[in-house]
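These notes are about the structure you will find just below.
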Amino acid sequence: MKRAFDVDLAMSRIREAVRPFAPAMLFELAEDGFNSPFEVLVACIISIRTRDEVSLPVARGLFARARTPTEMLALSPEEIDTLIQESSFHYGKARQIHGIAVRAVEDLGGALPCDFDLLTSFPGVGPKCANLVLGIACRQPRIGVDIHVHRVTNRWGYVRARTPELTMVALEGTLPQGYWVEINRLLVPFGKHICTGALPRCSSCPVLEMCQQVGVTAHR
């Protein structure tokens, strides 16, 4: 018989379980000082469909050349493309990043404001990246739901939602606000190393007795 899910206990245990692993990419960059709304948004765009192990050095390489919209605007889309070519779909991302820089400089005073509607008005920027910007750079209580947060919280049975967007809505109704930003920081490494997509490491999971193991047919 599974015990009721205690999110406070779960977060405490997961915080310890992921301590040996690198934090989620955007949080690691922010801890290293790349924490402006523009930098977090650009790094989030680079990370789409790209592993953190690739995205992190790519973002660092780009920021070595340009960290602000004004500096980014001095680069051509082709130059940005060359700098981020290890990222998936780099051609489109380079033009997207350049376009954000253009609008930031021409219409927004050279910086991105902490505004959800404005951030999601940029082509290709969805709720995940917007909320990560607002949570990390702007310190607003926002939930950034990527594939790891979506998979893990639904596997727990803590929420039941078909898509990351619906998981975000469900978590906003159930997760204590104090965990809204931290859940992404914790569940990305937890989902990469313990509660993996295929063959999760249930035998070493610190919250196994609370997890409903929804959809798990085989595990380690």
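Where a number appears in this text, it was derived from the coordinates with a stated rule and is not lab data. As the structure is a computational prediction, the values presented were derived from the model and not from experiment. For neighbour counting, all protein chains shown are included, and Cβ atoms are generated from backbone atoms with ideal geometry for every residue, glycine included.
Restricting to DSSP loop positions (anything but H, G, I, E, B) with no more than 14 other Cβ atoms inside 10 Å of their own Cβ, which GluC sites (Glu not before Pro) remain in region 1-106?
In loop regions of region 1-106 (DSSP not H, G, I, E or B), the sparsely surrounded GluC sites (Glu not before Pro) are 86.
How large is Rg over Rh for the chain, taking Rg from the Cα atoms and Rh as the Kirkwood inverse mean of 1/r across Cα pairs?
1.00
Placing unit charges on C-beta atoms (Lys and Arg positive, Asp and Glu negative, everything else neutral), compute the dipole magnitude of region 1-144 about its Cα centre in debye, rounded to 20. Could you put the intermediate results ahead of the total?
Numbers: 16 positive and 18 negative charges, 116 e Å.
Computed charge dipole of region 1-144: roughly 560 debye.
Just to confirm my understanding: which cysteines in the chain have no other cysteine beta carbon less than 4.7 Å from their beta carbon?
195, 202, 205, 211
For region 25-137, which semi-axes, largest first and in whole Å, follow from the square roots of 5 times the eigenvalues of its Cα gyration tensor?
18, 16, 13
Counting alpha carbon pairs within less than 8 Å and at least 6 residues apart, what relative contact order, in whole percent, applies to the chain?
Worked out over the chain, it gives 24 percent.
Could you name the aspartates and glutamates whose alpha carbon sits less than 19 Å from that of residue 2, not counting residues in the same chain fewer than 8 places away?
Here the aspartates and glutamates satisfying the reach criterion relative to residue 2 are 209.
Nearest 500 deg cm²/dmol is fine: what mean residue ellipticity at 222 nm does the chain get from its DSSP H runs of n ≥ 4 alone, each adding -39,500 (n - 2.57), divided by its residue count?
-15500 deg cm²/dmol
Excluding residue 55 itself, calculate the net charge of residues whose Cβ lies under 15 Å from the Cβ of residue 55, where each Lys or Arg counts +1 and each Asp or Glu counts -1.
Working: positive: 49, 51, 60, 93, 128, 192; negative: 28, 32, 39, 52, 53, 86, 146.
Value of the local net charge: -1.
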